[in-house]
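The values are calculated or read from the model by the stated rules, or taken from the named source; none is laboratory data. All figures in this text were calculated on a predicted structure; none of them were measured in a lab. No Cβ is skipped: glycine too gets one built from the backbone with ideal geometry, and neighbour counts run over all protein chains shown. Remember, those area values only see protein heavy atoms, side chains included, never the ligands or the DNA or RNA. Shrake-Rupley method; radii C 1.70, N 1.55, O 1.52, S 1.80 Å.
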Amino acid sequence: MSTTHPTATQHRRTGGDLVVESLAALGARTVFGLPGQHALGVFDALRRSTLRYVGLRVENNAGFAADAYARTTHGVAPLLVSTGPGALMTLAALQEAAAGSAAVLAIGSQVPLAGIGGGRHGYLHELTDQSASFRGVVKSVHTARTASQIPSAVAAAWESALSAPHGPVWLEIPQDVLLAEAGIPPVGQLDATPRELLPRPELIAAAADRLTKARRPVILAGGGVVRAGAEAELLALAERLRAPVATTFGGKGAFPWEHPLSLQSWLEDRYTTTFLEDADTLLVVGSGLGELSSNYHTFRPLGQVVQIEADLGKLESNHAALGIHADARAALAALVQAVGERGPRDTVADEAAEAAEVAEEAEEDGGTGGAREAGEAGEAGEAREAGAPTPEAAVSALLARVHDRIAGQQLDLEQRILASVRDALPDGAVSCWDMTILAYWAWSAFDPRRTNALHSAQGAGGLGYGFPAALGVAVADPGQPVLAVSGDGGAMYSIAELATARQYDLPVTWLIVDDGGYGILREYMTDAFGEATATELTRPDFVALAGSFGVPAVRTSPERLRTDLAAALAAPGPSVVVLPARLRMFAPTHLTS
């Protein structure tokens, strides 16, 4: 038995007290986690603090819960775990937090100080260099080697997590430091206010000039808009420019779904890709134009691109642009002040002028231009005869084409199920989606009806996110029901958290779509190889299993889903709704573009 274990009568302030005092001084109210031998010093200190502790059953799930709590609050979510296996179990969740810009402050214990630095003393959970496992995943890595270092280390980690772009950080503290007597006074006040990431004025002026002069300005809004809380500024800019707005999957809710300028989120659609490509000035804000946001890198802009991005590594990482390294809210607010307003007459005049210009260039080329230029010339002639379409009309026409494409694929079941989920979910409620076919539909077709109301694991793409993330949202806002959506394969990653939901009586309804396996992988393999391998799963009776945790559950059908789901969401505490159904995805467009 370790000689560093505290005795039952020990009540002195320790390094663990300094951790919880520092978190409270920085504004933390809730911490997530799971205890372990080396971390007992900080968990013991929790009972002497005002912090609320929410304990999950698996460290990875605790990380997902902290991730969603941080997204919901736009703040920092502390995550307390132990050494070695406990620490490493958080890596998948921290990767998702990094991809989704969630400010998770993970605090892990370490072996005693003597074992730090590669000394092989044979401590339980010992790693040669534990922090090295995190450096490629999190924003920053911090270590406190003495009790007096703890407050400053916690503050530095907090500031890093909350600096734009938000993201996870790792802080580790050796076991004996957590247990050592704190020889300094209680922590009274700490300041970890992050520095604002403001745009450079000359870049805002240049971007405003391009957008004001643009004939067809279009905006693509990513998750950076939601994380920055910049929805009002985005709306003001779009309406000032009369620019259509598409949102990435991570940016859902950044722009009102039914707004006349809303292109919605159909990014895995060639019609939408072409619409974005054809903008003479495309403003990309809070997105790196990665794989999903660029329709699997088939996006090829024809006009100018202006990119606002807080993550310097994503700035111009995929396309040349006028790059503005800035927080989305600060940059959009500056653009709203700097751009000139475009009215209906200006827009029609610009379209007519451009139509004439394109026709003239096509005539000079003698018909030798590319297919798109020739098509534009033809459309230009039609525009002169019929009057140039307004941006709102162009948006409406695009969405009609997308609707017609989906309508031709015999996917009525999938659309009815998604509509039933939307109808059952109260307008103010948040939904959290695992990596499952219904979630892929939701990325494109689901209206969250308010900002910051849909969270998914599409950043890193790991299974098991939906249910523990919903628990984190419920902890942040217990006054609203929360919906989690998983497939049967993903559900097995987090089934233990039914005990957490019951223990804390959290108002989370878990919809499990049971198709007997890894449904999307089944589709991918069948399309690619003719048949699927390793995708079929034996699974439990989810209704009976939920009942064994004391969680009410019901097996539903597509016809009863709306009624059963609404009833579950209206009931207090946790619940489970199981839907046996095999769903299909709409056909991709990037393979034939």
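May I have the pair-distance distribution P(r) for the chain, computed from all Cα-Cα distances with 20 Å bins from 0 and rounded to whole percent?
Here the calculated profile for the chain is 20, 48, 27, 5, 0.
Given charges of +1 on the Cβ of Lys and Arg and -1 on the Cβ of Asp and Glu, with all other atoms neutral, how large is the dipole of segment 203-268 about its Cα centre, in debye to the nearest 20?
280 debye
Per residue, how many Å² of accessible area does the chain show with a 1.4 Å probe?
Result: 40 Å² per residue.
Suppose accessible area is computed on protein heavy atoms with a 1.4 Å probe; arrange R12, R422 from highest to lowest.
R12, R422
Run through segment 511-549 and list the GluC sites (Glu not before Pro) located in a DSSP loop whose Cβ has at most 15 other Cβ atoms within 10 Å.
Answer by residue number: E531.
On a 0 to 90 degree scale, rounded to 10, what angle separates helix 344-364 from the longest Cα axis of the chain?
70 degrees
What does the charge dipole of segment 130-227 about its Cα centre add up to, to the nearest 20 debye, if the Cβ of each Lys and Arg holds +1 and the Cβ of each Asp and Glu holds -1?
Numbers: 10 positive and 8 negative charges, 173 e Å.
For segment 130-227, the charge dipole is close to 840 debye.
Report the one residue of A419, I495, G472 whose Cα lies farthest in the direction of the positive end of the charge dipole of segment 394-506 (charges on C-beta: Lys and Arg +1, Asp and Glu -1; origin at the Cα centre).
Of the options given, the answer is A419.
Show me the trypsin sites (Lys or Arg not before Pro) within segment 30-72 that DSSP assigns to loop and that have at most 15 other Cβ atoms within 10 Å of their Cβ.
Details: sites: R47, R48, R52, R57, R71; in loops: R47, R48, R57.
Of the trypsin sites (Lys or Arg not before Pro), the ones in loops of segment 30-72 whose Cβ has at most 15 other Cβ atoms within 10 Å are R47, R48.
Taking the 0 to 90 degree range and rounding to the nearest ten, how far is the long axis of helix 519-529 tilted relative to the main principal axis of the chain, both from C-alpha atoms?
The angle comes out at about 60 degrees.
Share of Cα-Cα pairs in segment 199-287 beyond 18 Å, in percent?
When every Cα pair of segment 199-287 is considered, 39 percent fall beyond 18 Å.
Ordering E196, E497 by how much accessible area each has at a 1.4 Å probe, largest first, what is the list?
Numbers: E196 130, E497 0 Å².
Descending order: E196, E497.
Straight-line reach from K252: which lysines fall under 26 Å, measuring Cα to Cα and dropping same-chain residues less than 8 apart?
Straight-distance partners of K252: K139, K314.
In the full protein assembly as shown, how much of V554 is accessible to a 1.4 Å probe, in Å² to the nearest 10?
Its heavy atoms expose roughly 50 Å² to the probe.
Tell me the accessible surface of T90 in square angstrom (1.4 angstrom probe, heavy atoms of protein chains only), to the nearest ten.
Only protein atoms counted, so the area is about 0 Å².
Would you work out which of L234, V137, G519 lies farthest towards the positive end of the dipole of the chain? Charges go on Cβ: Lys and Arg +1, Asp and Glu -1.
V137
Which one of G462, Q189, P580 is farthest out on the positive end of the charge dipole of the chain, using unit charges on Cβ (Lys, Arg +1; Asp, Glu -1) and the Cα centre as origin?
Toward the positive end, the furthest listed residue is Q189.
Kindly express, to the nearest 10 degrees and within the range 0 to 90, the angle between helix 150-162's C-alpha long axis and the longest C-alpha principal axis of the chain.
20 degrees
Mind checking segment 212-307 for GluC sites (Glu not before Pro) that DSSP puts in a loop (not H, G, I, E or B) and that have at most 16 other Cβ atoms within 10 Å?
E258, E291
Once you compute Rg and the Kirkwood Rh from C-alpha atoms, what is the Rg to Rh ratio for segment 193-250? Working shown, then result.
Working: Rg = 12.7 Å, Rh = 12.8 Å.
Ratio of gyration radius to Kirkwood radius: 0.99.
Largest first, how would K213, K139, K252 line up by accessible area (1.4 Å probe)?
K213, K139, K252
Assigning unit charges at the beta carbon (Lys, Arg +1; Asp, Glu -1) and nothing else, what dipole magnitude in debye, to the nearest 20, does segment 378-483 show about its Cα centre?
On the way: 7 positive and 12 negative charges, 41 e Å.
It works out to roughly 200 debye.
Quick one: pull the percent of accessible area on the chain belonging to carbon and sulfur, 1.4 Å probe, ligands and nucleic acids left out.
Heavy-atom surface of the chain belonging to carbon and sulfur, 1.4 Å probe: 53 percent.
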